[in-house]
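One structure is given below, encoded as C-alpha cells.
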Amino acid sequence: MLNNTQIRRCLDAMAEMFPNAKGELVHSNPFELVIAVLLSAQCTDKLVNKVTADLFKKYKTPEDYLAVPLEELENDIRSIGLYRSKAKNIQKLCRTLIDKFDGEVPQTKEELIQLAGVGRKTANVVASVAFDEPSIAVDTHVERVSKRLGICRWKDSVTEVENTLMRKVPRDEWSVTHHRMIFFGRYHCRARNPKCPECPLLDICREGQKRMKKIGE
C-alpha cells in the first residue's frame, strides 16, 4: 500500500498530466446532468452526448418525459445499452422529482439516491459537478487506478475505495481528483494495454512493475 507521500506524488502526477480534467457529459443544468449520468452506466460519454444532443431538445422538464409513452422514450435512447431499463428509470425519476422535490433536482447525496437509477456514484457526480459539493465518485476507472497503484486494496468494495480516497485525499481536492483519476484511467492506465513503460508512477506502481516484468520475460 502506498504511504501518504507516495499518494501525494500520484495526485501531483495526475494533475500535471491532466490539468484540465473535467466531466465530459454535455449538459446545461442539473436536470440534464442527472439524465446524462443515468444514461452513461456501462456506456461511453461520447455515445451519451450523441444521444442527448437530440434528447435534450425534445425533453426540457420532468413533465416532458412523462408526457410520452414509455415506448417512445425507449426509441429515443435505443442506441444506448440497457435502454429499456434506463427509459423506465428516467420516467420514475421524473415522477419522484415532481412528487417529492417540486420538479427540481435535489442538492444532497442523501436525497439524490432516492431517485430511480441514481446510485451512490451518480449522486456523487451530480453533487460534485452541478452543486460544487466535494465528492469522489468511484467508477470503473477510479476503482482500477486506485487498486493498481496500491492506494486501495484489491479486495476493497466500491464503497471502501470511496471511503479510503476520502480519507487519503484532501477534501478540497476530492472533486478534481475524481476527474483526474478518470482521465488517467481512460487515457493512460487503461484496462487493456496500460501505458506502463512511459508512466511517471511506474517506480511506485506494484501492478505496473508486475506487467513490465512479464514483458521482459
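The values are calculated or read from the model by the stated rules, or taken from the named source; none is laboratory data. It should be emphasised that the depicted structure is a prediction, and the values quoted were computed from it without experimental measurement. We place every Cβ from the backbone using ideal geometry, glycine too, and count neighbours over all the protein chains shown. Ligands, DNA and RNA are excluded from the accessible area calculation, which covers all protein heavy atoms including side chains. Shrake-Rupley method; radii C 1.70, N 1.55, O 1.52, S 1.80 Å.
Some observations on this one:
Conditions tested, residue by residue: (1) in contact with a His (Cβ under 7 Å, 6 or more places away or on another chain); (2) farther than 30 Å from residue 150 by Cα; (3) among the charged types (D, E, K, R).
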| residue | (1), (2), (3) |
| --- | --- |
| 5 | no, no, no |
| 30 | no, yes, no |
| 71 | no, yes, yes |
| 78 | no, yes, yes |
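- For residue 9, the stated conditions hold: it is among the charged types (D, E, K, R), in contact (Cβ under 8 Å) with a residue 24 or more places away in the chain, open to solvent by 50 Å² or more (accessible area, probe 1.4 Å) and under 30 Å from residue 199 (Cβ atoms).
- Checking residue 199 against (1) in contact (Cβ under 8 Å) with a residue 24 or more places away in the chain; (2) farther than 25 Å from residue 28 by Cα; (3) open to solvent by less than 60 Å² (accessible area, probe 1.4 Å); (4) not small (Gly, Ala, Ser), the condition it does not meet: (1)
- Note on region 26-70: residues that are modelled with pLDDT of 95 or more, of a type in the set (A, V, I, L, M, F, W, C) and not in a helix (DSSP H, G or I) total 3.
- The residues of region 65-85 that are open to solvent by less than 50 Å² (accessible area, probe 1.4 Å) and either in contact with a Cys (Cβ under 9 Å, 6 or more places away or on another chain) or touching a residue at least 60 places away in the same chain (Cβ under 8 Å) (or both), listed by number, are 65, 80, 81.
- Test set (1) more than 25 Å from residue 46 (Cβ to Cβ); (2) in a loop (DSSP other than H, G, I, E, B); (3) under 24 Å from the mean Cα position of the chain (by Cα) - residue 97 fails condition number: (2)
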